[in-house]
Ligand SMILES: Nc1ncnc2c1ncn2[C@@H]1O[C@H](COP(=O)(O)OP(=O)(O)OP(=O)(O)O)[C@@H](O)[C@H]1O
Ligand SMILES: [Mg+2]
């Protein structure tokens with residue numbers, strides 16, 4: 001399965017797996033997908049490795065059956081809750097006589113970006129180039145072969161909490177799957193959803209899941225912010241349960257039945273019969289009682305997202321806001337609320353990968369597409385494979401390559 005790429009998305013509420021393969025024209029072909037609910041994660045953190053690994057195993061098995069391949073290793077996402085992406089710039093002088101930039105020069109630069117000091121409970125997961133600058137000329141994706149005297153690199157250094165990284169890797173390994181690499185959600189979130197023009201113009205992608213909301217902001221085709229708020233669709237259900245004194249499952253049922261986030265859109269404000277929290281009696285509530293609660297939480301989540309964008313990367317986002325994830329996107333009126341908060345155009349994400357028809361597979365399919373794209377571009381580095389990978393193209397992992405480059409440099 002050398003050219004098969006597998007993406008596993010460990011979400012708060014479910015694990016989804018997508019198996020893809022690059023075809024002869026270099027396009028990604030989805031071979032199989034599988035999903036399984038997951039109870040091993042609370043507030044975006046793995047609290048039960050056994051439960052998580054059994055969900056992984058089941059989701060992978062379903063995808064394997066469809067794809068008719070055996071999965072031995074996969075890429076896995078790591079949510080913005082557990083990673084920090086730090087922008088870091090560094091440079092090197094081109095020392096050779098003909099002043100031609102070699103792969104070796106690029107690797108040296110990458111390694112030096114990967115040696116920034118970080119806190120003891122963290123580790124560097126990845127170093128992703130944003131751009132290279134040769135003698136002041138910026139916007140260069142691959143400087144190898146160019147002539148110059150000074151090579152500058154503008155990198156995203158991805159730093160993960162050691163405990164979260166270990167729990168993810170343990171859960172995957174317990175499921176019998178080796179980890180090819182951990183990918184911060186921000187790098188892949190848009191792959192399956194956004195158009196290149198949107199990323200170029202500037203776009204805010206808001207993925208509201210069950211327990212988290214991932215905000216990824218792109219401008220000039222690059223990721224400029226990826227942050228996570230520990231609030232998601234499950235909080236909406238919880239609010240309903242507390243405000244209207246209903247059981248959690250009754251609240252979830254009501255939320256999915258009306259799929260509404262805006263009281264102004266209620267057509268018939270009828271009374272509905274629901275189970276009380278005590279489950280000992282039925283009572284009537286008005287539809288508007290429930291939708292008011294949902295509206296308040298959805299508005300709050302969008303406001304938190306806007307504050308985050310304003311604080312970290314203020315500016316204009318011509319392509320507007322794109323809503324993804326199942327936590328809010330399926331609710332009617334969500335687009336209007338987002339528009340009220342952001343005052344720019346809003347749309348709901350539609351997967352644009354063949355055979356991916358629903359939002360729950362977008363994160364996993366995004367990983368597959370992202371890795372396929374890096375392979376196609378023959379990217380110098382990106383993903384640091386944690387355990388040894390079986391993929392020929394990654395035989396030389398980032399760290400191995402970088403270390404050998406550094407050794408040659410210093411010794
Ligand atoms: N049809 C629906 N209508 C309304 N809400 C829904 C619907 N289907 C799922 N949800 C809600 O979507 C949320 C789960 O979304 P999603 O599958 O995107 O999360 P996740 O990827 O598991 O979690 P996270 O991204 O936070 O780690 C839950 O809160 C669930 O109640
Ligand atoms: Mg998710």
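Listed values, structure above:
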quantity: Residue list for segment 123-141, restricted to those being more than 30 Å from residue 161 (Cα to Cα) and surrounded by 14 or more Cβ atoms within 10 Å (Cβ to Cβ); calculated: 133, 134, 140
quantity: Residue in segment 1-52 that is nearest to ligand 1 (Cβ to nearest atom), counting only those that are surrounded by fewer than 21 Cβ atoms within 10 Å (Cβ to Cβ) and assigned to a helix (DSSP H, G or I); calculated: 51
quantity: Yes/no for residue 355 being modelled with pLDDT of 50 or more and in a loop (DSSP other than H, G, I, E, B); calculated: yes
quantity: Residues satisfying the stated conditions in segment 318-332, i.e. more than 16 Å from ligand 2 (Cβ to nearest atom) and surrounded by fewer than 20 Cβ atoms within 10 Å (Cβ to Cβ); calculated: 318, 320, 332
quantity: Test: residue in segment 115-122 that is crowded, with 18+ Cβ neighbours inside 10 Å and touching a strand residue (DSSP E or B) at 6+ places or on another chain (Cβ under 8 Å); calculated: no
quantity: Segment 201-245, residues that are farther than 24 Å from residue 367 by Cβ, free of Cβ contacts under 8 Å to residues at least 40 places away in the same chain and surrounded by fewer than 21 Cβ atoms within 10 Å (Cβ to Cβ); calculated: 238, 241, 242, 245
quantity: 1 or more residues at pLDDT below 95 and either assigned by TED's automatic domain parsing to the domain that holds residue 207 or out of contact with any strand residue (DSSP E or B) (no Cβ under 7 Å at 6 or more places or on another chain) (or both): qualifying strands (runs of 3 or more DSSP E) within segment 230-349; calculated: 271-275, 282-286
quantity: Any helices (runs of 4 or more DSSP H) falling wholly within segment 96-200 and containing at least 3 residues that are over 28 Å from residue 361 (Cα atoms) and touching a helix residue (DSSP H, G or I) at 6+ places or on another chain (Cβ under 6 Å); calculated: 103-113
quantity: Top-ranked residue of segment 87-104 - restricted to ones that are under 30 Å from the mean Cα position of the chain (by Cα) and at pLDDT 90 or above, ranked as farthest from residue 222 (Cα to Cα); calculated: 91
quantity: Tally of residues being more than 11 Å from the chain's Cα centre (by Cα) and within 18 Å of residue 350 (Cα to Cα) across segment 210-231; calculated: 2
quantity: Counted residues, segment 331-364 - those being out of contact with any helix residue (DSSP H, G or I) (no Cβ under 9 Å at 6 or more places or on another chain), more than 13 Å from ligand 1 (Cβ to nearest atom) and closer than 17 Å to residue 35 by Cβ; calculated: 1
quantity: Residue that is in contact with a strand residue (DSSP E or B) (Cβ under 8 Å, 6 or more places away or on another chain) and under 23 Å from residue 73 (Cβ atoms), where the choices are 157, 128; calculated: 128
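Each row is one residue, and each column tells you yes or no for (1) within 16 Å of ligand 2 (Cβ to nearest atom); (2) in contact with a helix residue (DSSP H, G or I) (Cβ under 6 Å, 6 or more places away or on another chain); (3) closer than 13 Å to residue 361 by Cβ.
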position	(1), (2), (3)
13	yes, no, no
29	no, no, no
40	yes, yes, no
44	yes, no, no
52	yes, yes, no
55	yes, no, no
66	no, no, yes
72	no, no, no
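The values are calculated or read from the model by the stated rules, or taken from the named source; none is laboratory data. None of these values were measured; they are calculated from a predicted model. All Cβ positions, even for glycine, are placed from backbone atoms using ideal geometry, and neighbour counts span all protein chains on display.
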